[in-house]
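Only the coordinates and a few stated rules stand behind these numbers; no lab work does. Everything numeric here is computed off the predicted structure, so don't read it as measured data. Reconstructed Cβ throughout: ideal geometry from the backbone, glycine too, with neighbour counts over all protein chains shown.
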Amino acid sequence: MTYDIWDGDDDGEAGRLVPLYILVNGRTTPRNTNLDLATQVIALPADTSRLEQEYREIMNRCSGWISIAEIGAYLHRPLTITKVMVDVLLEQGFLGIGAPAQRKIADRRLLETVLAGLERL
Amino acid sequence: MDRKSVKVVVAGGFGTGKTTLVGSVSEIPPLTTEEVLTQASVGVDDTTGVEGKTSTTVALDFGRITITSDVVLYLFGTPGQDRFWFIWDELAQGAVGAIVLVDTRRLGTSFPAIDYFERRGIPFVAAVNRFFGECLYSEEEIRTALKLDPNVPLLWCDARDRSSSKKALIELVRHAMARLPVST
Ligand SMILES: Nc1nc2c(ncn2[C@@H]2O[C@H](COP(=O)(O)OP(=O)(O)OP(=O)(O)O)[C@@H](O)[C@H]2O)c(=O)[nH]1
Ligand SMILES: [Mg+2]
């Protein structure tokens, strides 16, 4: 997935993207290609005081397990940006990561758990 | 760390009830997140009307169901416009499967979704959303019109009704399990 997320001269939403885009050093795709919207992350004990505000906002959302999609929704940030920023935090050891949604490794037992859970609803 | 995410895609044509279904089973009110697209990621023949517009925002609705202390099911509704295929790829990545909502008054609007999951071998069920309780066609007629493979489950639902949406989800998970290779 390589596409440009920022084209520089749109107004509104995209205008707001400029600083975020710079924050991720122009990266447009996460290094960890396993990251998907449903992947959950959690804050690890670390000193976040030197992180930039935008990164700290993410850390503040991650005191419990939360998905990348939820972080994007709560912080009103486009998904691609959120993904890359989460990736940066993962790389630097600020966040821990759960198992990504993966059909291929989704074992029968996991689906049985899901089925039982749905039936209990 | 053993925190697991399970993903289900809720697809179907424009206005078939995707957001309604996500909302009726989710434990949180559906959240909306945005993806920003540039023209390069939008279908080339679909750029009419957006000339001069270099980026488009597409909104995605999603919800969640906590299954156990370490498993969370996420439900993602596809954007109403079919042309944002790359978003579909992102949503389908690793998904257990999809619920394709069908409105019998506009069956055709769900063809692209059916086609999408069929081609990629992603398990899906077709759920006929009974708007206003009407049921104009028999199951056979709908199957034929949608060119549904005989082993794709077809069910009726009311996307506004939690237990109905839950049944569609259960049906999908069962269907996905039935298609897993036999293992130990
Ligand atoms: N009567 C009836 N109305 C429904 C049902 N499901 C959805 N609706 C209504 O149909 C309209 C469209 O539903 P949405 O859930 O927004 O559909 P959608 O597929 O998310 O639409 P887009 O995202 O725009 O493609 C809303 O006004 C819903 O209230 C249903 O089962 N019965
Ligand atoms: Mg919708």
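What is the sum of charges, Lys and Arg at +1 and Asp and Glu at -1, for the other residues whose Cβ falls under 12 Å from the Cβ of B:Ala159?
+3
Please compute P(r) over all alpha-carbon pairs of chain B, binned at 5 Å starting from zero, and give each bin as a whole-number percent.
Going from the shortest bin to the longest, the percentages are 1, 8, 16, 20, 20, 15, 10, 6, 2, 1, 0, 0.
Is there a pair in B:Lys147/B:Lys167; B:Lys18/B:Lys147; A:Lys83/B:Lys167 whose C-alpha atoms are over 27 Å apart, and which pairs would that be?
A:Lys83/B:Lys167
With Cβ to Cβ distances under 9 Å as the rule, what net charge do the other residues near B:Thr33 carry (K, R +1; D, E -1)?
Net of charged neighbours comes to -3.
Label B:Cys135 and A:Glu52 with points 7 Å out from Cα along Cα→Cβ: what is the distance between them in nm?
5.7 nm
Sort A:50-58, A:91-99 by the packing proxy (mean of other Cβ within 10 Å over each peptide's residues), most packed first.
Taking the mean over residues of other Cβ atoms within 10 Å, the ranking is A:91-99, A:50-58.
Hand me the chymotrypsin sites (Phe, Trp or Tyr not before Pro) from the stretch B:71-130 located in a DSSP loop with no more than 11 other Cβ atoms within 10 Å, in residue order please. Could the numbers behind the result be given before it?
Values: sites: B:Tyr74, B:Phe76, B:Phe84, B:Trp85, B:Phe86, B:Trp88, B:Tyr116, B:Phe117, B:Phe124; in loops: B:Phe84.
Of the chymotrypsin sites (Phe, Trp or Tyr not before Pro), not one in the loops of the stretch B:71-130 has a Cβ with at most 11 other Cβ atoms within 10 Å.
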